[in-house]
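S.K.: This is the structure I have questions about; it appears just below.
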There are 6 protein chains.
Amino acid sequence: MVLLTRRADFSASHFYYDDALSEAENVRLFGKCANRNGHGHNYTLEVTVAGAVDPVSGFVVDLKRLKEIIQQEVVAVYDHRHLNLEVPEFKTAMPTTENIAIAIWRRLENKIDGAKLTRVRVYEMPDLYADYCGEA
Amino acid sequence: MVLLTRRADFSASHFYYDDALSEAENVRLFGKCANRNGHGHNYTLEVTVAGAVDPVSGFVVDLKRLKEIIQQEVVAVYDHRHLNLEVPEFKTAMPTTENIAIAIWRRLENKIDGAKLTRVRVYEMPDLYADYCGEA
Amino acid sequence: MVLLTRRADFSASHFYYDDALSEAENVRLFGKCANRNGHGHNYTLEVTVAGAVDPVSGFVVDLKRLKEIIQQEVVAVYDHRHLNLEVPEFKTAMPTTENIAIAIWRRLENKIDGAKLTRVRVYEMPDLYADYCGEA
Amino acid sequence: MVLLTRRADFSASHFYYDDALSEAENVRLFGKCANRNGHGHNYTLEVTVAGAVDPVSGFVVDLKRLKEIIQQEVVAVYDHRHLNLEVPEFKTAMPTTENIAIAIWRRLENKIDGAKLTRVRVYEMPDLYADYCGEA
Amino acid sequence: MVLLTRRADFSASHFYYDDALSEAENVRLFGKCANRNGHGHNYTLEVTVAGAVDPVSGFVVDLKRLKEIIQQEVVAVYDHRHLNLEVPEFKTAMPTTENIAIAIWRRLENKIDGAKLTRVRVYEMPDLYADYCGEA
Amino acid sequence: MVLLTRRADFSASHFYYDDALSEAENVRLFGKCANRNGHGHNYTLEVTVAGAVDPVSGFVVDLKRLKEIIQQEVVAVYDHRHLNLEVPEFKTAMPTTENIAIAIWRRLENKIDGAKLTRVRVYEMPDLYADYCGEA
C-alpha cells in the first residue's frame, strides 16, 4: 500500500453570510468574510489516493488519468468562479475551507478507478488548511 | 545605500471586463477572467525602500512604521474586498497585476518618511508578478 | 469529522546544554547547539483540531478564536524570547523541537472550545519538524 | 511518542520504459516519461521516525546520526545518478515516485538505532509525492 | 513602464563533460556533474518583459500569448528531455544554469510582440539561479 | 555578462539595544527586539556575482569554490552564533538585516576570484529582506 498525492490549484471568490441572521450577527460571526461583494483566494488542493503499486507500471494510479479527473470534477467547476454564486453545493453550505474539502471529496469519491480516495486537503492560504478523509 | 523589502498579503476578488466591448470580445481578451461574478487571489505585495542606514538604530526605515503604513494605505483598503466594486482606482482601471502595482505605488509614494520608495512588486499567483518602480 | 490546521510563527533563541555533563560531553551530544550564548530560529507551528462542521457557520472551530488562543498561549510566551532563559517549561526540559511540540500541546490542550486538539507540529527549520499527538 | 521528520534532497535522472512492451504501448502508458534519454528531478525526501523523547537529550533520535544514515544509505547512492542505470533496485522496478518511496524505506529500515521508521515521503515535484509506511 | 514576470517549469537531464579534457580533469572541474549517465533537475524559469500598460486591457503583454510563447519556444523543447543529447544549443555549450539562461533568452528574443524581453532567470535548484539580461 | 546567485542559510541569535539610550527609549525604538536575552532567526543569504561565462566550463564562477568561500567567510562565523556577542562587526553596529547585508558584503568583497560581487541579499524572515550592492 502506497499513498500518492497530487496537488492542483484554483482561484475563486467567496463570502460567508447567513441570510437567516442579521447583518450584525454575520459580522460578529464572520468578520471581514461577511462582505457580500466577495473576496478571493488561490486555493491549493491535495488529493491523496491509496493502493497497491502495479508491478508493470510502478504506479498506484495512472497519473495522467488522476490529473484529468481532478481537472474535470473540481478545477473546471471551481476555478475562476464565485463559489457562493456559481457552484451548486455552496448554495446551501457555507464555502468554508472545511466545507470545500468535504465537497471536493464528494466530487471525487468513486471517480478514481483502481485506487481508494483517502484524503482531500484544501489550503485557503498557506497558513490555513482543512483535511477530510470521509466518514468512517 | 541599502534596499529594504517588506512583504504583506491581502486576499481580494476581481474580474476583467470592459463595458465598451462586447461579451465575445471580453472573453476573447480576458478568457476566464471576464466572469463578472468575480474570482479571487491571495496577493503578495513586496514594498522596497532605499536609504542610508541610521548609525544608531541600524535601520534604513523604522520597520514598525513601515508595516503600519502598508497596513493603513494598502491592506486595510484591498484586503477582503472586491477590487472592481470597492476600491476607487479600479472603477476606471482594470485591476490587473500591472495596474495594482501602479496603484499601490501611488498609495505609498511620499508616505514613507526618511526613505525612498523604489519598487512595488505584486504577486497575483506564485507564478505571476508585476514590478513598478515609478516613472523616471 | 474534519481536521482544521492553522499555522503561526515565532522567532526565538535556544541552546542545548546539560549542566550535569562536562563541556566535552555536551559538545559531543549537541555539537554547535551547545554554544550557551544561544542561537535562534524562525519556528513555524501548525495546530490541528478535529470536530464536526457546524451546520450554520460551516466551521469546525471559530477561526478568530483559535488564532487568539494560539497567540495568547504560545506566541505571546515564546516569540522574541530566549526559550532556555525565559520560558518556564524549558528550565527543566531541553528546548528541542520534540520538547517544544510537547510543551505547546500542553499549553493548548483543553483550551480550544468545541474541537479536539489532534496534532501539534513544530518546524525548527524547513527541513526538520516534530509532531506530537498527545498520549494514547 | 513523538514523530521527528528530517528532509533531504537529491537530483537524479530517470525514465519509464518497459522492454516487454512496444514503443507505442510505452508512450501510451508513460507519455513524455518514456523518453529513454532520461529526464530528471530535484527530489525531496522526508524521513519520519517515532520514539520516546530521551529525558537527558530531549531527542527522539540523535539528529546528526539520522542525517548521516540518510546521507549514506540514500543520498550517496541516488544523488547525481541515473536511477534506471545506476541504482540496483531500479533495474527491475520502474523508478516511479511510489517505487522510490518503497526502495528508500527498505534502505533505511533497521538502520536507525533507537527509533522506529514510520514514514518515507518522496516529492518528485512540489505537486506530486508518495508516502510509504511499510507493510502492516 | 511596468515589468511583468511569468514563471514556468521544466524537468530535464544534463551532465557536464568536456571531451577535450581527461576523465580526471572533468571530475576535478565538474565533480558529481561529470557523470555521463546524466542527472536531472526541476528547473524553474522566470521570464520578465517590460512595456507600457495598455489603457484598455490593463496588460503590458497578453498573458495567454506570453504563456504560449514560453511553452512553444522553451518548455516544449526542454521539458522531459536530456539537454546534452536532445537540445541543439547544448551540443556545443555546456548546459550550465548560466548557459541555459542565455539559450532561453535567444529563444525568446524578438518573439514577444509589444513588450521588451528584459530578463531571463533560471533556477536549477531553489538555492542556485542565473540571470541573463542580454548584451548592452 | 551573466549573474549567478547562490543561497546559503545560517541560524543565529541577536537583539537590538543601544547602551547609550535608556531602557524605555530602547523599547520604544526596538520593541520586542530590545530583549537582551536575545531571540533568533533562520537567516537566508543570497550572494550574486557577475561575470562572463567561461567558454570551456560554462561557468561564471567555480560553484564549488563559491560555496566554500561563503561557508568559510560567512556561515562558519555566523551560524549557531549570537551575533551581538560573538561576531566582531556587531560589537559596534546593530545586527539589523541592513547591517548584516553590509557586513557580509565586506566579508566577501575581493574574495571571489574571477567574478564581481554585485549583490548581497539577507532574509531575516520570509517577509523581510535587505539588499546591499556596495557603494557606487
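The values are calculated or read from the model by the stated rules, or taken from the named source; none is laboratory data. Model, not experiment: these values are computed from the prediction. Backbone-built Cβ (ideal geometry, glycine too); neighbour counts: all protein chains shown. Note: accessible area is taken over every heavy atom of the protein model, side chains too, but ligands, DNA and RNA are not part of it. Shrake-Rupley method; radii C 1.70, N 1.55, O 1.52, S 1.80 Å.
S.K.: Just need a number here: residues in region A:40-49 that are in contact (Cβ under 8 Å) with a residue 40 or more places away in the chain and open to solvent by 10 Å² or more (accessible area, probe 1.4 Å).
M.R.: Qualifying residue count, region A:40-49: 1.
Quick grid of which residues meet (1) over 22 Å from C:Leu29 (Cβ atoms); (2) open to solvent by less than 60 Å² (accessible area, probe 1.4 Å); (3) of a type in the set (Val, Ile, Thr):
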| position | (1), (2), (3) |
| --- | --- |
| D:Ala20 | yes, no, no |
| D:Ala24 | yes, no, no |
| D:Cys33 | yes, yes, no |
| D:Gly38 | yes, yes, no |
| D:Gln72 | no, no, no |
| D:Ile100 | yes, yes, yes |
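S.K.: Pairs under 7 Å by beta carbon, first residue facing another protein chain (nearest Cβ under 7 Å) in region F:3-14, partner at pLDDT below 95, six or more apart or different chains?
M.R.: Going by the 7 Å Cβ cut-off, there are no qualifying pairs.
S.K.: Can I ask one more? Are any residues in region B:1-56 part of a strand (DSSP E or B) and in contact with a Leu (Cβ under 6 Å, 6 or more places away or on another chain), and if so, which ones?
M.R.: Those that are part of a strand (DSSP E or B) and in contact with a Leu (Cβ under 6 Å, 6 or more places away or on another chain): B:Arg6, B:Ala8, B:Ala12, B:His14, B:Thr48, B:Val49, B:Ala50.
S.K.: While we're on this one: Would it be correct to say that E:Arg65 is open to solvent by 10 Å² or more (accessible area, probe 1.4 Å), part of a helix (DSSP H, G or I) and under 30 Å from E:Leu117 (Cβ atoms)?
M.R.: Answer is yes for this residue.
S.K.: Of the residues that sit in region B:108-136 and are out of contact with any Ser or Thr (no Cβ under 9 Å at 6 or more places or on another chain) and at positive phi, which one is farthest from the other protein chains (Cβ to nearest Cβ)?
M.R.: That would be B:Asn110.
S.K.: Moving on. Starting from residues that are within 10 Å of another protein chain (Cβ to nearest Cβ) and not in a helix (DSSP H, G or I), keep the ones in region C:74-87 and report whichever is least open to solvent (accessible area, probe 1.4 Å).
M.R.: C:His82
This table checks each residue for (1) aromatic (Phe, Trp, Tyr); (2) within 19 Å of B:Pro126 (Cα to Cα).
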| residue | (1), (2) |
| --- | --- |
| E:Ala34 | no, no |
| E:Gly38 | no, no |
| E:Val49 | no, yes |
| E:Ala52 | no, no |
| E:Tyr78 | yes, no |
| E:Leu85 | no, no |
| E:Lys91 | no, no |
| E:Ile104 | no, no |
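S.K.: Ok, one more. Checking the structure you have, find out if any residue of region D:63-72 is modelled with pLDDT of 95 or more, more than 30 Å from E:Val75 (Cβ to Cβ) and in contact with a Gly (Cβ under 6 Å, 6 or more places away or on another chain).
M.R.: Scanning region D:63-72 turns up no residue that is modelled with pLDDT of 95 or more, more than 30 Å from E:Val75 (Cβ to Cβ) and in contact with a Gly (Cβ under 6 Å, 6 or more places away or on another chain).
S.K.: Of these, F:Ala115, F:Ala52, F:Ala93, F:Ala130, which one is touching a helix residue (DSSP H, G or I) at 6+ places or on another chain (Cβ under 6 Å) and touching a residue at least 12 places away in the same chain (Cβ under 8 Å)?
M.R.: F:Ala130
S.K.: Return the residues of region B:105-133 that are open to solvent by 20 Å² or more (accessible area, probe 1.4 Å) and β-branched (Val, Ile, Thr); say none if nothing qualifies.
M.R.: B:Thr118
S.K.: Next question, about the same structure. Being facing another protein chain (nearest Cβ under 8 Å) and crowded, with 18+ Cβ neighbours inside 10 Å narrows it down to one residue among E:Phe59, E:Phe90; which is it?
M.R.: The match here is E:Phe59.
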